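Derivation of every value follows stated rules applied to the coordinates shown; laboratory data play no part. Computed from a predicted structure; not experimentally measured. Cβ: placed from backbone, ideal geometry, glycine included. Neighbour counts: every protein chain shown.
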Amino acid sequence: MNPTNDIKIIGGGSAGWMAAATLVSQFPNKEITLIESPNISTVGVGESTIGQINNWLALLGIQDADFMPHCDASYKLSIGFENFYRKDSGQFHYPFGRPYTENNKSELNDWYFKKFLHPDTPVSDYAECLFPQMALVTQNKVHKNLDGRLPDFNFHQDVAYHFDATKFALWLRDHYCLPKGVRHVLAEVKDVKLNDDVGVEYVTLDNGGKVTADLFLDCTGFKALLIDKALKEPFESFEDVLPNNSAWATAIPYRDKEKELVGYTNCTAIDNGWVWNIPLWSRIGSGYVYSDKHVSDDDALLEFKKHIDHGEELDYRNIKMRTGTHRRTWVKNVCAIGLSSGFIEPLESNGLYTAHEFLLRLVRTLQRDHVSQWDRDVYNSATKTLLTEFKEFVAMHFALSHRDDTEYWRDVMNRQYSDNLVDMQPSFVHGYVSAVFGKMRDYRFDSDGGLHCIATGMNWFPTDFPTIQSLNYNSREKCQLPLGNDVASWEMYWKSAIDNLNNRKQDWKDSVKDAPSLFDVLRGIHMNKQIEEQT
Ligand code: FAD
């Protein structure tokens, strides 16, 4: 049994400081030290978060007004995807929060009947009919919804953030970790001494110091100094289903801030990958994620510049990424958090998400004070499942594409995304927790995780009569449904449900048309006013 009183965090990127903040807030009596190299830079990207960050912020007692003005932050209500299905196929959204299905005849399926009976309906209509906060997204507004005018929309759960991740880490360091007692050492780990029993016996710093710990957190980014270089835990690549391994990143000055400062991350598929657009308060973060197997770095930069079409000369930075994860991320007395533990690729903003979700599980494990092999096994199983499911989810964005306009997209379209999908028996699919592919195969869209938004946006939903008929199986009123092939009676039956979707969408829009713009709310926050005054 290993005690965990002395914890050393190696690495001072977002993951390192998030780890330090989490541990010092939950375990004020443990000794927490963060060691970071003054010479090795952080990855310097990672500006888009997802809704689950709110649970982590709440655990640490961090409020919007605390960090947003210091981190160039904005609000994020959704993710837009453009041209992923086909070249010029347009945009669809995956908003945060749960879909609103009250009064629907068949839960999430009502919209598919609408599409079946009115084929000209664009796929972008799906999110607007099911997610009340799309009324804010489409009008570029913010509303805290304290009066409940947008049903089931919980501002503090269903809104995430865009922020400068480097500034966020510095804010955590100066305003949270150091005041609460985290020790900060500026030094580079030069050598690691292993021990068969405990894992890492000590690390040697460039100042000659030898550092021991009960538990080392490896937060050294893609270097993965302890878990990979020292302990040599096998790495399982995601390359087979995720094509991208490189990125160009830049910061774009606003031309028309009130218009360009939107409340969502936009992802646009282009010739050899996709481009992110993340509006922060003072600038737009943008990057081109691509595969250097299909395009050289230089040509990718030309494509990126052409895409953003900005007159001014900007600074561009090239980043190489390794996608995959280690067989185990907690081995003996080393637990990897952040990029060192694994990385999917930036689509769906999963980097910081895995950091805070792994940290929540680490907290749960450390509550027991001592750590046994069982504790580590449970942690490893939970984090592996989380990362694997998310990887499958991100892979669906590529798997569902029908783009064939470049070699890259033809490669994407012709990959085999899951051997499991071919081999799966139905009973296995239904019983298995990690069955994103299985859900896709059977059109089993539950309301969690946005799979239904991505599938619908990418035109993966039933359009043939037999399958659409089978959706009635889930209907609350299934015994009253007209059966058979009589489309006219179907139309009559579904008219009220379709009217319900259309009326609701319009009502939501009307209800927030007078809400303040995102720009105005952020101006208030960045002038250090309270958000309450604005909404
Ligand atoms: P790093 O930032 O690389 O920090 C590593 C730290 O380790 C540094 O402080 C370094 O000095 C230290 N270090 C290294 N070696 C040593 C040593 N020998 N001794 C001492 N210290 C050492 N995530 C999101 O959530 N949203 C996004 O939109 C997003 N976009 C991304 C886009 C790209 C192209 C990439 C590559 C990643 C993106 N991510 C995103 C992921 C996100 O950037 C990371 O998850 C996050 O920044 C955490 O990084 P890190 O702290 O693990 O590593």
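Couple of notes before you dig in:
- Note on H402/T212: beta-carbon distance plugged into 1/(1 + (r/R0)^6) with R0 of 60 Å gives a FRET efficiency of 0.60.
- Estimated FRET transfer efficiency when R0 is 45 angstrom, pair L146-D174 (beta carbons, to 0.05): 0.90
- Net +/- balance of residues flanking Q367 in space, Cβ distance below 13 Å, scoring K and R +1, D and E -1: +2
- Other residues lying with their Cβ under 12 Å from the Cβ of F168 contribute a combined charge of -3, Lys and Arg counting +1, Asp and Glu -1.
- Taken one residue at a time, the phi angles of the stretch 241-258 give Karplus couplings (6.51, -1.76, 1.60, θ = phi - 60°) of 10, 10, x, 8, 9, 8, 8, 9, 10, 8, 10, 10, x, 5, 9, 9, 4, 4 Hz. Gly and Pro are set to x.
- Burial order of peptide ranges 259-266, 81-88, 270-277 (average beta-carbon count within 10 Å, highest first): 270-277, 259-266, 81-88
- In degrees, nearest ten, helix 14-26 long axis to first principal axis of the chain (Cα): 80 degrees
- Distance from the stretch 79-144 to the stretch 148-175 (C-alpha centre basis), Å: 23 Å
- 0 to 90° range, to nearest 10: angle between helix 297-308 axis and the chain longest Cα axis: 50 degrees
- Rounded to the nearest 5, the antiparallel percentage of DSSP beta bridges internal to the chain is 70%.
- For the stretch 1-33 versus the stretch 296-326, the gap between their alpha-carbon centres in whole angstrom: 34 Å
- Relative contact order for the stretch 160-297, counting Cα pairs under 8 Å that sit 6 or more residues apart, in percent: 17 percent
- Listed peptides 128-139, 335-346 appear in the order 335-346, 128-139 once ranked by packing, highest mean of other Cβ atoms within 10 Å at the front.
- Peptide ranges 196-203, 118-125, 515-522 listed from the most packed, as the mean C-beta count within 10 angstrom indicates: 515-522, 196-203, 118-125
- Charged-residue dipole, Cβ positions (Lys, Arg, Asp, Glu), the stretch 187-231 about Cα centre, Debye nearest 20: 160 debye
- As a proxy for reagent exposure, T212, T456 were ordered by neighbouring Cβ count within 10 angstrom, fewest first; the result is T212, T456.
- Cα gyration tensor category, rounded, prolate or oblate, for the stretch 94-152 with a/c compared to 1.5: oblate
- With Cα atoms, 0 to 90° folded angle of helix 373-399 axis to the chain main axis: 40 degrees
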